[in-house]
Amino acid sequence: MSFGAVDVEDGGAAVATARVGGAEEVRGMPAEVSWEMLDKSRFFVLGAALFSGVSAALYPAVVLKTHLQVSPPPQAAASTTAAAILRRYGPRGFYRGFGASLAGTVPARAVYMAALEATKSAVGSAAVRLGVAEPAASAAASAAGGVSAAVAAQVVWTPVDVVSQRLMIQAPTAAGSRYRGGADALRKILLADGVRGLYRGFGVSVLTYAPSSAAWWASYATAQRLAWRALGPAHHDRRASVIAVQGASAAAAGAAAALVTMPLDTVKTRLQVMDGARPASLASAARALVREGGWAACYRGLAPRCASMSLSAATMVTAYEFLKRLSAKEESSLP
């Protein structure tokens, strides 16, 4: 569960704007709420509540993906692993670590959304002033915003990811569970490994999600523009058309991002759940994974991750657009 290309696995999302730096596309897209038009306090309070609910709905897929990524060969099917989690832990097994994850979701999402929107606005304005065509300026602004948001959010999210993933996969023993909750896991990781232990996988997380986020936002902006060009202005005021275009564009971008980043995400997860051992390097962890199960091992958990990221992207994007409209300042509100 990270913040990158609308990971969303939990990730935050926003909608690529039709306005970039105040310039409106000649061909026209539905009216958009820009960063400057938002009531920031309302935006972050409502966003925390809205996205926490979405995260709760998608969390079981993240747990399943994590179990598949760290399980030794031979690789079980996703359905078999899901059934095993259910038998061993009951329905609560799909929410192990959710409390710790949720505690980090609010600040991480706030950082992600602020970095995304502020960067898009600044880069878009600069590109337009330099004479860059609006479609290219929009794509560049979206890509820059994606990189900025992914890097900023990982500073907050990586420690949360480490703690929640340890809780997801820990197996109860005769002496009881190693960690008795998020606070206990945080304390024990700090005692054993120091602050560095909380940032295991930070480098590979940035390597995974920064370029992925840039590609996601740029491709999402382009997909929306192409869709609206095909549909025409007559559909701009139809709420069903707006939701359909946003959801379909986001879902396709989410699945593509999941496929491209899967190997690095698997290595990252392996690094983050290592307990008490000397941290391995990215290269050594990747070699060990390939030796263990071949290149196919890099794609363990691909199906639930694709499903989670596509659903998350589509849900987050439509929810985020709704959130921005709810948070628009009165004098800037849109119909």
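The values are calculated or read from the model by the stated rules, or taken from the named source; none is laboratory data. Just so we're clear, the structure is a prediction, and the values are computed from it rather than from any experiment. For neighbour counting, all protein chains shown are included, and Cβ atoms are generated from backbone atoms with ideal geometry for every residue, glycine included. Keep in mind that these areas ignore ligands, DNA and RNA; they rest on the heavy atoms of the full protein, side chains included. Shrake-Rupley method; radii C 1.70, N 1.55, O 1.52, S 1.80 Å.
Below are the figures for this structure:
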{"quantity": "Inter-probe distance in nm under a simple model that places probes 7 Å from Cα toward Cβ, at Leu190 and Asp237", "calculated": "5.7 nm"}
{"quantity": "Förster radius 30 Å - calculated FRET efficiency between Phe322 and Leu259 (Cβ-Cβ, nearest 0.05)", "calculated": "0.60"}
{"quantity": "Mean shadow area of the stretch 80-220, taken as a quarter of the surface of its Cα convex hull (nm²)", "calculated": "10.5 nm²"}
{"quantity": "Cut-off under 5 Å, modelled amide H: who pairs with Ala328 long-range", "calculated": "Asp39"}
{"quantity": "Over the stretch 152-281, relative contact order from alpha-carbon pairs under 8 Å, at least 6 apart, %", "calculated": "33 percent"}
{"quantity": "Probe 1.4 Å, protein heavy atoms only - accessible area per residue of the stretch 228-315 in square angstrom", "calculated": "47 Å²"}
{"quantity": "Total formal charge among the other residues, if their Cβ is under 11 angstrom from that of Cys298, Lys/Arg +1 and Asp/Glu -1", "calculated": "0"}
{"quantity": "Alpha-carbon centroids, the stretch 184-260 and the stretch 35-69: separation in whole Å", "calculated": "12 Å"}
{"quantity": "Inter-probe distance in nm under a simple model that places probes 7 Å from Cα toward Cβ, at Ala126 and Ala283", "calculated": "3.3 nm"}
{"quantity": "Members of Lys40/Lys65; Lys40/Lys120; Lys65/Lys268; Lys65/Lys324 lying beyond 24 Å, as alpha-carbon distances in this model show", "calculated": "Lys40/Lys65; Lys65/Lys324"}
{"quantity": "Where only C-alpha atoms are counted, convex hull volume of the stretch 52-153 per residue in Å³", "calculated": "139 Å³"}
{"quantity": "Cα-derived Rg to Rh of the stretch 135-280, Kirkwood definition", "calculated": "1.14"}
